[in-house]
Every structure is written in structure tokens, then in C-alpha cells.
Amino acid sequence: MNRSENKTYGTFVSSSEVRFERLLPGPIETVWEYLTDSEKRGIWLAKGNMELKVGGKVELNFLHSSLSDEKTYPDRFKAMENGISGSETITAIDAPRLLSFTWHPDSEVRFELEEKGEDVLLTIRHYKLNDEFGKLMVSTGWHTHLDILVSKLYQESVPKFWQTFSKHEEEYTKLISKPSKV
């Protein structure tokens, strides 16, 4: 994988799992901090404390308006305008290479980091996705959040969250509807 592939769509590896890969600038410890440190994770995903041990709690406080300069929410997401929060549980950890935790309501996300020279390959696997709408929202959301992470780490301009989300949602709707892709 090279840096130009950082915009590729997630791969549905089964009917209940989507996988993303992104090549990020290293070192691995820096990328690990963007997964585990509340402030750094908050600039691309969600702030919140994380107890770095199996069984540890993960707070996710999403405030999408803080991720880009776009402050207007689509009508269907207005309820999220002042933020939404969740509490998850770490199911596996091997710093700085592996982090896995539950994801509301009953799925799980796994982050794997692998050194590739001076870069780091981030692989995200989100599994136990049981319905089409869940697959659509998870895939679209991860892709949009990863676009922001890549932009931040490469010090590029940050895409507008909801504009990017809408674009990706259209593509994932097509991908999910293709039987050979799921």
C-alpha cells in the first residue's frame, strides 16, 4: 500500500465485517497516541478517557463540529449537534500494536498498527455488524473519520465532515448493495 491508496474504500471481508487500511507517517508511538490519547483522538474521532487494559473503559464523546470548519449538521443528524457519548470496553490491547474495544450497540472495532519503514499501516476491522444500515453507517463513518486523521497527520487541509460523510455514504450504499462485495 502506498500513500495514494489512503482514500480507498473499506473492504467488506464478510457479511458482518468491514476493513480499512491507511498508511500514516510514523513512528508507531505517534499513531498509537492518536488512538489512545483523548486530545489527539478528539481531533479526528472522539475525545474521552481510556483505561489501557483489558476490561478498561473507553469513553467516546463525539462532537463532529469540532473536527472540521463545517458547523452545519444535516437535518437527520441534528440530534447529534451538541455531541453524543458512549461508553465501551477494551477487549484486547498490546501497546503500541493492537487495540480492540466494543462498539455500541453490539459490534467491535479492532485497530492494528504495523511499521512499514518510517510509516505505519493502520488497519481497522469493525465486525459483528448485523444489519445493512449498521454496515452503511459504520463504513461511512470510519471512512470520513479516517480522511480527517490522514489529513491531520500529513498536515493537509481537513475535509468538511458532513460533506465528506454524504459523499462516502452514496458510495457505500452502492458497495453494500452489491452481493459480491458483502
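Values for this structure:
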| read-out | value |
| --- | --- |
| Residue count for region 126-147, restricted to those that are part of a helix (DSSP H, G or I), farther than 26 Å from LEU24 by Cα and touching a Ser or Thr at 6+ places or on another chain (Cβ under 9 Å) | 2 |
| Test: residue in region 118-129 that is at pLDDT below 95 and either out of contact with any Pro (no Cβ under 6 Å at 6 or more places or on another chain) or closer than 21 Å to GLU51 by Cα (or both) | no |
| Residue check, LYS71 free of Cβ contacts under 8 Å to residues at least 40 places away in the same chain and either touching a strand residue (DSSP E or B) at 6+ places or on another chain (Cβ under 6 Å) or part of a loop (DSSP other than H, G, I, E, B) (or both) | yes |
| Pair list, Cβ < 6 Å and 6+ apart or interchain, from region 47-65 residues that are within 20 Å of VAL158 (Cβ to Cβ) to residues that are surrounded by 15 or more Cβ atoms within 10 Å (Cβ to Cβ) and aromatic (Phe, Trp, Tyr) | HIS64/PHE161 |
| Tally, over region 79-95, of residues that are closer than 24 Å to LYS160 by Cβ, out of contact with any His (no Cβ under 7 Å at 6 or more places or on another chain) and either open to solvent by 80 Å² or more (accessible area, probe 1.4 Å) or among the hydrophobic types (A, V, I, L, M, F, W, C) (or both) | 4 |
| Search result, residues across region 138-157 that are open to solvent by 10 Å² or more (accessible area, probe 1.4 Å) and farther than 17 Å from TYR172 by Cβ | VAL150, LYS152, LEU153, TYR154, GLN155, GLU156, SER157 |
| Subset of region 45-67 that is open to solvent by less than 10 Å² (accessible area, probe 1.4 Å) and part of a loop (DSSP other than H, G, I, E, B) - its residue that is farthest from TYR34 (Cα to Cα) | GLY56 |
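The values are calculated or read from the model by the stated rules, or taken from the named source; none is laboratory data. The shown structure was predicted, so the numbers you read here are calculated from the model rather than taken from an experiment. In this analysis, Cβ positions are derived from the backbone assuming ideal geometry, glycine residues included, and neighbour counts consider all displayed protein chains. Side chains are part of the model used for accessible areas, which takes the heavy atoms of the whole protein and leaves out ligands, DNA and RNA. Shrake-Rupley method; radii C 1.70, N 1.55, O 1.52, S 1.80 Å.
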